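The block underneath contains the structure these notes are about, expressed in structure tokens.
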Amino acid sequence: MDTKTYGHWIKERREELGLTQQQVADMAIMSRTHIAHIEAGRRVPSDEDARRLDKVLEMKGALVLFRPGREEEEAVADYFSAVLVLEQQAVQIREFGLAYFPGLLQTERYARAVLGTAFPPISDEERDRRLVTRLKRQRLFEHPQLPVLWALLDETLLRRPVTSGDIMAEEITHVADLAESGRIRAHVLPYAAGHHPLVSSMLTLMWFDDQPPLAYSEGGLAGKLHDSPSLVRQWQHRYDLALSDALPQKESLALLRATAREYEDR
């Protein structure tokens, strides 16, 4: 089901129950603007949004079962499924990459190599499904300005290769090109900065037009979406502290280019 049909379906059911958008928003713990966007087909609800709306509108699980994008989300870890939807709605994203470059910035060959490091190994079919999903996420770059994206990159992910030198060089050059074009901001957090507040996990911060900011942290085999305002502020504070120790973008770009050349020469 496409987003417009899904949204119209929700609107019809809401009107059938005699509810206003604000009443549904209050009962589903969402904003009225977000409900309006969903009904108009401009937003895809997260899995949690769909569950809340389904309960309020007494749809007996239909809104969850037929939610647009549900099939694609099966190609990612369960704990990342909500983020897959939310990052497409964000107006600003701040990423911190520790072990790997953030998924939104991965080239096809680098992403394939990263997915190939899974252990126990996954099938070629499953890896291809996950690869397609990861690359589809990057469609948000089709908009020339939004979302505004900041990438804070620990020097570790530059120095510890996860694949061959030519693929590492291609990946690093790709990120440098995006930053040099002005589409993203990229800053490298050097070894010299020592211990920092984000050293134990990867992090994504997201801001929206019509809902409060969210944070997503990931480490080891689990990830967690944080919507508590106090926790989100703590993650934002940690990001800001780490960013304050990072190299300026000009120096970061020089390091990225130099590292890419080193991989090419190996």
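Here are the numbers for the structure shown:
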quantity: Charge sum, other residues only, whose C-beta stays under 15 Å from GLY18's C-beta, Lys/Arg counted +1 and Asp/Glu -1; calculated: -2
quantity: The range 1-152, accessible surface, carbon-and-sulfur percent (1.4 angstrom probe); calculated: 51
quantity: Qualifying lysines (Cα of each under 24 Å from Cα of LYS55; at least 8 residues distant if same chain); calculated: LYS4, LYS11, LYS224
quantity: Antiparallel bridge percentage (DSSP; both residues within the range 122-266; nearest 5); calculated: 60
quantity: Cα gyration tensor shape of the range 107-198, rounded if a/c is under 1.5, else prolate or oblate by comparing a/b with b/c; calculated: oblate
quantity: Contour minus Cα-Cα distance for THR117 and GLN234 (0.36 nm per residue); calculated: 39.0 nm
quantity: Overall form of the range 80-158 per C-alpha gyration tensor (a/c, 1.5; a/b vs b/c); calculated: oblate
quantity: Environment charge at ASP209 (Cβ cut-off 15 Å; Lys +1, Arg +1, Asp -1, Glu -1); calculated: +1
quantity: Gain in span if fully extended, ALA193 to ARG32, counting 0.36 nm per residue against the direct Cα distance; calculated: 53.6 nm
quantity: Heavy atoms of ASP124: accessible area, 1.4 Å probe, square angstrom to 10; calculated: 100
quantity: Top of HIS195, HIS174, HIS37 by mean-square fluctuation, Gaussian network on the chain, Cα under 10 Å; calculated: HIS195
quantity: Backbone HN-Hα couplings from phi across the range 114-131 [Karplus 6.51/-1.76/1.60, Hz, Gly and Pro as x]; calculated: 5, 5, x, 7, 4, 9, x, x, 9, 5, 4, 5, 5, 4, 5, 4, 5, 5
quantity: Whether the range 171-210 is rounded, prolate or oblate, judged on the alpha carbon gyration tensor where a/c under 1.5 counts as rounded; calculated: oblate
quantity: Relative contact order %, the range 150-266, counting alpha carbon pairs below 8 Å whose residues are six or more apart; calculated: 36
quantity: Per-pair calculated FRET efficiency, R0 = 51 Å: ARG160 and LEU17 via Cβ, rounded to 0.05; calculated: 0.40
quantity: Exposure rank, largest accessible area first [HIS226, HIS8; 1.4 Å]; calculated: HIS8, HIS226
quantity: DSSP loop GluC sites (Glu not before Pro) with at most 12 other Cβ within 10 Å: longest gap in the chain; calculated: 75-266
quantity: Label-point separation in nm, GLU264 to ASP124, each point 7 Å along Cα→Cβ; calculated: 3.2
quantity: GLU142 paired with GLN92, simple spin-label distance in nm, labels 7 Å along Cα-to-beta-carbon; calculated: 2.6
quantity: Choice from SER201, SER217, SER181 showing the highest fluctuation, given a GNM over the chain with Cα pairs closer than 10 Å; calculated: SER181
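The values are calculated or read from the model by the stated rules, or taken from the named source; none is laboratory data. Worth saying up front: this structure is predicted, and the values here are computed from it rather than measured. Here Cβ is always computed from backbone atoms with ideal geometry, including for glycine, and neighbour counts include all displayed protein chains. The protein model used for the area step is the full one, side chains on, heavy atoms only, and it has no ligands, DNA or RNA in it. Shrake-Rupley method; radii C 1.70, N 1.55, O 1.52, S 1.80 Å.
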